[in-house]
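The values are calculated or read from the model by the stated rules, or taken from the named source; none is laboratory data. Source: prediction; values computed, not measured. Every residue, glycine as well, gets a Cβ built from its backbone with ideal geometry; the counts of neighbours run over all protein chains shown.
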Amino acid sequence: MTGSAINLEFVYLVLAFALLGIIACGVCAGLITLLRPLLLRHVMAKPNRRSSHKEPTPQGGGIAVIAAVVVAAGCAFILVPDIATSARTLGILVVATVGLAIVGVSDDVRPIGAMPRLILQGVAVAVVIAILPENLRVLPFAPWWAERVLMLIAGVWLVNLVNFMDGIDLMTVGEVVPVTIGLTIAAALGALPIEGTLVAVALGGALLGFAPFNKPVARIFLGDVGSLPIGLLMFWLLLLLAGTGHLAAALLLPLYYVADATVTLIRRFRAGEQITQAHRSHFYQRALDRGLSVRMIIARVVFMNAALIVLATTTILYPSHWIDALALAAGCLLVGWRLYRFERSA
(Lines give C-alpha, C1' and ligand atoms only; values in the text may rest on other atoms or scores of the structure.)
Protein backbone atom coordinates (compact mmCIF):
# COMPACT_ATOMS: atom_id res chain seq x y z
CA MET A 1 0.00 0.00 0.00
CA THR A 2 1.38 3.44 -0.91
CA GLY A 3 1.91 6.27 1.56
CA SER A 4 -0.94 8.17 -0.12
CA ALA A 5 -3.33 5.25 0.38
CA ILE A 6 -2.27 4.95 4.02
CA ASN A 7 -2.91 8.65 4.55
CA LEU A 8 -6.31 8.45 2.90
CA GLU A 9 -7.24 5.46 5.03
CA PHE A 10 -6.17 7.30 8.18
CA VAL A 11 -8.15 10.40 7.20
CA TYR A 12 -11.22 8.26 6.52
CA LEU A 13 -10.93 6.59 9.94
CA VAL A 14 -10.58 9.96 11.65
CA LEU A 15 -13.68 11.27 9.88
CA ALA A 16 -15.63 8.06 10.55
CA PHE A 17 -14.86 8.08 14.25
CA ALA A 18 -15.64 11.80 14.45
CA LEU A 19 -19.02 11.07 12.86
CA LEU A 20 -19.62 8.25 15.36
CA GLY A 21 -18.94 10.67 18.20
CA ILE A 22 -21.39 13.15 16.70
CA ILE A 23 -24.00 10.39 16.31
CA ALA A 24 -23.57 9.40 19.97
CA CYS A 25 -23.87 13.03 21.03
CA GLY A 26 -27.04 13.62 18.99
CA VAL A 27 -28.70 10.35 20.02
CA CYS A 28 -28.07 11.05 23.69
CA ALA A 29 -29.40 14.61 23.54
CA GLY A 30 -32.47 13.48 21.59
CA LEU A 31 -33.27 10.62 23.95
CA ILE A 32 -32.94 12.84 27.03
CA THR A 33 -35.39 15.30 25.49
CA LEU A 34 -37.84 12.44 24.92
CA LEU A 35 -37.28 10.66 28.25
CA ARG A 36 -37.19 13.60 30.65
CA PRO A 37 -41.00 14.04 30.92
CA LEU A 38 -41.32 10.33 31.78
CA LEU A 39 -38.49 10.48 34.32
CA LEU A 40 -40.08 13.57 35.89
CA ARG A 41 -43.10 11.46 36.76
CA HIS A 42 -41.36 8.28 37.93
CA VAL A 43 -37.67 8.67 38.85
CA MET A 44 -37.01 11.75 40.96
CA ALA A 45 -33.95 12.36 43.14
CA LYS A 46 -35.23 14.22 46.18
CA PRO A 47 -32.79 16.43 48.13
CA ASN A 48 -31.54 15.23 51.50
CA ARG A 49 -28.82 16.37 53.87
CA ARG A 50 -26.17 14.60 51.81
CA SER A 51 -27.34 16.02 48.46
CA SER A 52 -25.76 18.86 46.52
CA HIS A 53 -29.03 19.82 44.80
CA LYS A 54 -31.88 21.76 46.40
CA GLU A 55 -34.85 20.87 44.18
CA PRO A 56 -36.23 17.42 43.21
CA THR A 57 -34.54 16.48 39.94
CA PRO A 58 -35.20 13.57 37.59
CA GLN A 59 -32.49 10.94 37.37
CA GLY A 60 -31.98 8.30 34.72
CA GLY A 61 -30.16 10.33 32.08
CA GLY A 62 -27.70 7.46 31.94
CA ILE A 63 -30.28 5.51 29.94
CA ALA A 64 -29.70 7.93 27.06
CA VAL A 65 -25.91 7.86 27.48
CA ILE A 66 -25.67 4.06 27.33
CA ALA A 67 -28.23 3.82 24.52
CA ALA A 68 -26.22 6.35 22.53
CA VAL A 69 -23.03 4.31 22.98
CA VAL A 70 -24.84 1.18 21.76
CA VAL A 71 -26.28 3.00 18.73
CA ALA A 72 -22.87 4.41 17.81
CA ALA A 73 -21.35 0.94 18.13
CA GLY A 74 -23.99 -0.38 15.75
CA CYS A 75 -23.31 2.39 13.23
CA ALA A 76 -19.60 1.57 13.38
CA PHE A 77 -20.22 -1.70 11.55
CA ILE A 78 -21.34 0.39 8.56
CA LEU A 79 -18.81 3.21 8.77
CA VAL A 80 -15.77 1.19 9.88
CA PRO A 81 -15.94 -2.29 8.29
CA ASP A 82 -12.73 -3.40 10.07
CA ILE A 83 -14.66 -3.31 13.35
CA ALA A 84 -16.44 -6.51 12.26
CA THR A 85 -13.47 -8.55 13.51
CA SER A 86 -14.35 -7.35 17.02
CA ALA A 87 -18.07 -8.12 16.77
CA ARG A 88 -18.02 -10.86 19.42
CA THR A 89 -16.06 -8.74 21.89
CA LEU A 90 -18.28 -5.71 21.37
CA GLY A 91 -21.44 -7.80 21.59
CA ILE A 92 -20.47 -9.27 24.95
CA LEU A 93 -19.34 -5.85 26.18
CA VAL A 94 -22.73 -4.38 25.25
CA VAL A 95 -24.55 -7.20 27.08
CA ALA A 96 -22.47 -6.67 30.23
CA THR A 97 -22.92 -2.89 30.03
CA VAL A 98 -26.68 -3.05 29.49
CA GLY A 99 -26.97 -5.65 32.25
CA LEU A 100 -25.21 -3.34 34.70
CA ALA A 101 -27.40 -0.46 33.52
CA ILE A 102 -30.47 -2.56 34.38
CA VAL A 103 -29.01 -3.11 37.86
CA GLY A 104 -28.53 0.65 38.10
CA VAL A 105 -32.03 1.60 37.00
CA SER A 106 -33.46 -0.94 39.45
CA ASP A 107 -31.43 0.69 42.21
CA ASP A 108 -32.60 4.15 41.12
CA VAL A 109 -36.26 3.12 41.38
CA ARG A 110 -36.00 0.88 44.45
CA PRO A 111 -32.62 0.62 46.25
CA ILE A 112 -30.94 -2.81 46.11
CA GLY A 113 -29.04 -4.21 49.09
CA ALA A 114 -25.30 -3.56 49.18
CA MET A 115 -24.26 -7.22 48.87
CA PRO A 116 -26.54 -8.20 45.92
CA ARG A 117 -25.47 -5.01 44.14
CA LEU A 118 -21.79 -5.81 44.71
CA ILE A 119 -22.22 -9.38 43.43
CA LEU A 120 -23.96 -8.21 40.26
CA GLN A 121 -21.24 -5.64 39.67
CA GLY A 122 -18.63 -8.36 40.14
CA VAL A 123 -20.34 -10.53 37.53
CA ALA A 124 -20.33 -7.68 34.99
CA VAL A 125 -16.66 -6.93 35.67
CA ALA A 126 -15.77 -10.65 35.38
CA VAL A 127 -17.49 -10.82 31.98
CA VAL A 128 -15.51 -7.81 30.75
CA ILE A 129 -12.26 -9.37 31.96
CA ALA A 130 -13.16 -12.65 30.22
CA ILE A 131 -13.36 -10.97 26.80
CA LEU A 132 -9.88 -9.48 27.05
CA PRO A 133 -7.35 -10.90 24.56
CA GLU A 134 -5.85 -14.09 25.97
CA ASN A 135 -2.32 -12.72 25.74
CA LEU A 136 -3.15 -9.39 27.40
CA ARG A 137 -1.04 -8.90 30.51
CA VAL A 138 -0.96 -5.82 32.69
CA LEU A 139 1.38 -7.25 35.34
CA PRO A 140 3.48 -9.81 33.45
CA PHE A 141 5.62 -10.49 36.52
CA ALA A 142 2.60 -11.77 38.49
CA PRO A 143 0.87 -15.15 38.10
CA TRP A 144 -1.99 -15.02 35.59
CA TRP A 145 -4.64 -15.91 38.19
CA ALA A 146 -3.37 -13.27 40.65
CA GLU A 147 -3.47 -10.62 37.93
CA ARG A 148 -7.08 -11.52 37.09
CA VAL A 149 -8.11 -11.35 40.76
CA LEU A 150 -6.53 -7.90 41.04
CA MET A 151 -8.35 -6.87 37.85
CA LEU A 152 -11.66 -7.98 39.35
CA ILE A 153 -11.08 -5.99 42.52
CA ALA A 154 -9.93 -2.94 40.56
CA GLY A 155 -12.92 -3.19 38.21
CA VAL A 156 -15.50 -3.35 40.99
CA TRP A 157 -13.79 -0.43 42.70
CA LEU A 158 -13.74 1.69 39.52
CA VAL A 159 -17.42 0.96 38.84
CA ASN A 160 -18.27 2.09 42.36
CA LEU A 161 -16.01 5.10 42.50
CA VAL A 162 -17.57 6.57 39.34
CA ASN A 163 -20.88 6.19 41.13
CA PHE A 164 -19.49 7.71 44.35
CA MET A 165 -17.95 10.68 42.55
CA ASP A 166 -21.10 11.56 40.59
CA GLY A 167 -22.16 13.97 43.32
CA ILE A 168 -22.43 17.38 41.67
CA ASP A 169 -23.52 18.71 38.30
CA LEU A 170 -21.17 17.90 35.41
CA MET A 171 -18.68 16.00 37.59
CA THR A 172 -18.85 12.78 35.56
CA VAL A 173 -18.70 14.75 32.31
CA GLY A 174 -15.70 16.73 33.59
CA GLU A 175 -13.88 13.51 34.45
CA VAL A 176 -14.85 10.93 31.86
CA VAL A 177 -14.77 13.14 28.75
CA PRO A 178 -11.10 14.06 29.36
CA VAL A 179 -10.33 10.38 29.98
CA THR A 180 -11.93 9.47 26.63
CA ILE A 181 -9.97 12.27 24.94
CA GLY A 182 -6.78 10.86 26.42
CA LEU A 183 -7.74 7.38 25.23
CA THR A 184 -8.49 8.70 21.73
CA ILE A 185 -5.05 10.33 21.60
CA ALA A 186 -3.58 7.00 22.73
CA ALA A 187 -5.49 5.28 19.91
CA ALA A 188 -4.07 7.73 17.37
CA LEU A 189 -0.60 6.79 18.65
CA GLY A 190 -1.34 3.09 18.18
CA ALA A 191 -1.78 2.30 21.88
CA LEU A 192 -5.44 1.24 21.72
CA PRO A 193 -7.14 -1.33 19.45
CA ILE A 194 -9.88 -0.27 17.09
CA GLU A 195 -12.72 -1.54 19.29
CA GLY A 196 -11.35 0.52 22.17
CA THR A 197 -11.19 3.58 19.95
CA LEU A 198 -14.84 3.11 19.03
CA VAL A 199 -16.03 2.84 22.63
CA ALA A 200 -13.90 5.77 23.80
CA VAL A 201 -15.24 8.04 21.04
CA ALA A 202 -18.84 6.90 21.53
CA LEU A 203 -18.72 7.32 25.31
CA GLY A 204 -17.14 10.76 25.06
CA GLY A 205 -19.66 11.86 22.44
CA ALA A 206 -22.61 10.57 24.45
CA LEU A 207 -21.51 12.43 27.57
CA LEU A 208 -21.10 15.63 25.57
CA GLY A 209 -24.72 15.17 24.48
CA PHE A 210 -25.67 14.76 28.14
CA ALA A 211 -23.68 17.80 29.33
CA PRO A 212 -26.16 20.60 28.39
CA PHE A 213 -28.85 18.92 30.50
CA ASN A 214 -26.53 18.38 33.47
CA LYS A 215 -24.85 21.80 33.62
CA PRO A 216 -25.63 23.85 36.75
CA VAL A 217 -28.43 23.87 37.70
CA ALA A 218 -28.93 20.35 36.35
CA ARG A 219 -32.23 19.42 34.72
CA ILE A 220 -31.42 15.71 34.91
CA PHE A 221 -28.93 13.41 36.65
CA LEU A 222 -27.19 10.31 35.32
CA GLY A 223 -28.41 8.03 38.11
CA ASP A 224 -26.87 4.64 38.84
CA VAL A 225 -28.16 3.51 35.43
CA GLY A 226 -25.47 5.74 33.95
CA SER A 227 -22.64 5.91 36.46
CA LEU A 228 -22.25 2.13 36.96
CA PRO A 229 -21.97 1.12 33.26
CA ILE A 230 -19.81 4.18 32.53
CA GLY A 231 -17.41 2.92 35.19
CA LEU A 232 -17.45 -0.52 33.57
CA LEU A 233 -16.69 0.86 30.10
CA MET A 234 -13.92 3.06 31.44
CA PHE A 235 -12.40 0.07 33.26
CA TRP A 236 -12.36 -2.01 30.06
CA LEU A 237 -10.80 0.83 28.08
CA LEU A 238 -8.07 1.44 30.64
CA LEU A 239 -7.30 -2.29 30.75
CA LEU A 240 -6.85 -2.32 26.98
CA LEU A 241 -4.48 0.63 27.24
CA ALA A 242 -2.51 -0.96 30.07
CA GLY A 243 -2.37 -4.23 28.15
CA THR A 244 -0.51 -2.59 25.26
CA GLY A 245 2.36 -1.82 27.62
CA HIS A 246 1.15 1.58 28.79
CA LEU A 247 0.23 0.93 32.42
CA ALA A 248 1.49 4.35 33.50
CA ALA A 249 -0.86 6.10 31.04
CA ALA A 250 -3.79 3.93 32.18
CA LEU A 251 -3.09 4.92 35.80
CA LEU A 252 -2.62 8.60 35.05
CA LEU A 253 -5.81 9.28 33.07
CA PRO A 254 -8.31 8.51 35.90
CA LEU A 255 -5.92 9.52 38.71
CA TYR A 256 -7.97 12.40 40.13
CA TYR A 257 -11.13 10.27 40.46
CA VAL A 258 -9.23 7.34 41.93
CA ALA A 259 -7.37 9.53 44.43
CA ASP A 260 -10.39 11.51 45.65
CA ALA A 261 -12.56 8.42 46.10
CA THR A 262 -9.85 6.20 47.59
CA VAL A 263 -8.49 8.73 50.10
CA THR A 264 -12.06 9.58 51.13
CA LEU A 265 -12.87 5.88 51.67
CA ILE A 266 -9.75 5.39 53.78
CA ARG A 267 -10.58 8.46 55.87
CA ARG A 268 -14.11 7.27 56.49
CA PHE A 269 -12.95 3.75 57.35
CA ARG A 270 -10.42 5.09 59.86
CA ALA A 271 -13.10 7.30 61.39
CA GLY A 272 -15.34 4.27 61.93
CA GLU A 273 -18.03 5.51 59.54
CA GLN A 274 -20.41 3.21 57.64
CA ILE A 275 -18.65 3.24 54.25
CA THR A 276 -21.69 1.96 52.34
CA GLN A 277 -23.81 4.96 53.34
CA ALA A 278 -24.13 8.15 51.30
CA HIS A 279 -22.03 11.06 52.55
CA ARG A 280 -20.55 14.46 51.72
CA SER A 281 -16.90 13.74 52.49
CA HIS A 282 -15.29 13.82 49.04
CA PHE A 283 -12.77 16.59 48.52
CA TYR A 284 -14.88 18.27 45.84
CA GLN A 285 -17.90 18.16 48.18
CA ARG A 286 -15.85 19.77 50.95
CA ALA A 287 -14.85 22.50 48.52
CA LEU A 288 -18.51 23.05 47.60
CA ASP A 289 -19.52 23.26 51.26
CA ARG A 290 -16.74 25.79 51.89
CA GLY A 291 -17.82 28.17 49.18
CA LEU A 292 -16.48 27.13 45.76
CA SER A 293 -19.18 27.08 43.09
CA VAL A 294 -19.93 23.98 41.05
CA ARG A 295 -18.55 25.65 37.92
CA MET A 296 -15.29 26.55 39.68
CA ILE A 297 -14.88 22.99 40.96
CA ILE A 298 -15.52 21.43 37.54
CA ALA A 299 -13.14 23.89 35.86
CA ARG A 300 -10.39 22.86 38.27
CA VAL A 301 -11.09 19.16 37.70
CA VAL A 302 -10.99 19.60 33.91
CA PHE A 303 -7.74 21.56 34.13
CA MET A 304 -6.24 18.83 36.30
CA ASN A 305 -7.34 16.16 33.84
CA ALA A 306 -5.81 18.10 30.94
CA ALA A 307 -2.47 18.00 32.76
CA LEU A 308 -2.87 14.26 33.33
CA ILE A 309 -3.58 13.76 29.61
CA VAL A 310 -0.29 15.50 28.79
CA LEU A 311 1.60 13.27 31.24
CA ALA A 312 -0.11 10.11 29.95
CA THR A 313 0.60 11.03 26.34
CA THR A 314 4.25 11.68 27.21
CA THR A 315 4.60 8.13 28.56
CA ILE A 316 3.21 6.75 25.30
CA LEU A 317 5.40 8.91 23.07
CA TYR A 318 8.56 8.19 25.05
CA PRO A 319 8.28 4.64 26.44
CA SER A 320 10.76 4.32 29.29
CA HIS A 321 10.59 3.13 32.88
CA TRP A 322 12.15 6.42 33.95
CA ILE A 323 9.62 8.50 32.03
CA ASP A 324 6.78 6.39 33.46
CA ALA A 325 8.07 6.84 37.00
CA LEU A 326 8.59 10.59 36.61
CA ALA A 327 5.17 11.07 34.98
CA LEU A 328 3.43 9.07 37.72
CA ALA A 329 5.27 11.04 40.41
CA ALA A 330 4.30 14.32 38.74
CA GLY A 331 0.69 13.17 38.40
CA CYS A 332 0.51 12.18 42.07
CA LEU A 333 1.96 15.54 43.12
CA LEU A 334 -0.50 17.46 40.94
CA VAL A 335 -3.51 15.49 42.15
CA GLY A 336 -2.35 15.69 45.75
CA TRP A 337 -2.01 19.45 45.39
CA ARG A 338 -5.51 19.66 43.89
CA LEU A 339 -7.03 17.64 46.74
CA TYR A 340 -5.20 19.83 49.26
CA ARG A 341 -6.53 22.98 47.60
CA PHE A 342 -10.07 21.57 47.55
CA GLU A 343 -9.66 20.83 51.26
CA ARG A 344 -8.77 24.49 51.71
CA SER A 345 -11.52 25.64 49.30
CA ALA A 346 -9.38 27.14 46.56
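Annotations for the structure displayed:
- Top-ranked residue in region 282-306 [being among the polar types (S, T, N, Q) and either surrounded by fewer than 17 Cβ atoms within 10 Å (Cβ to Cβ) or modelled with pLDDT of 90 or more (or both); ranked as nearest to VAL179 (Cα to Cα)]: ASN305
- Region 141-197, residues that are β-branched (Val, Ile, Thr) and either in a loop (DSSP other than H, G, I, E, B) or in contact with a Ser or Thr (Cβ under 9 Å, 6 or more places away or on another chain) (or both): VAL159, VAL162, ILE168, THR172, THR184, ILE185, ILE194, THR197
- Hits in region 245-270 - residues which are over 12 Å from the mean Cα position of the chain (by Cα), outside any helix (DSSP H, G or I) and buried (at least 20 other Cβ atoms within 10 Å of the Cβ): HIS246
- Verdict on ILE129 being surrounded by fewer than 24 Cβ atoms within 10 Å (Cβ to Cβ), touching a residue at least 12 places away in the same chain (Cβ under 8 Å) and within 23 Å of PRO319 (Cα to Cα): no
- Qualifying residue in region 83-104 (condition: closer than 21 Å to THR262 by Cα and β-branched (Val, Ile, Thr)): no
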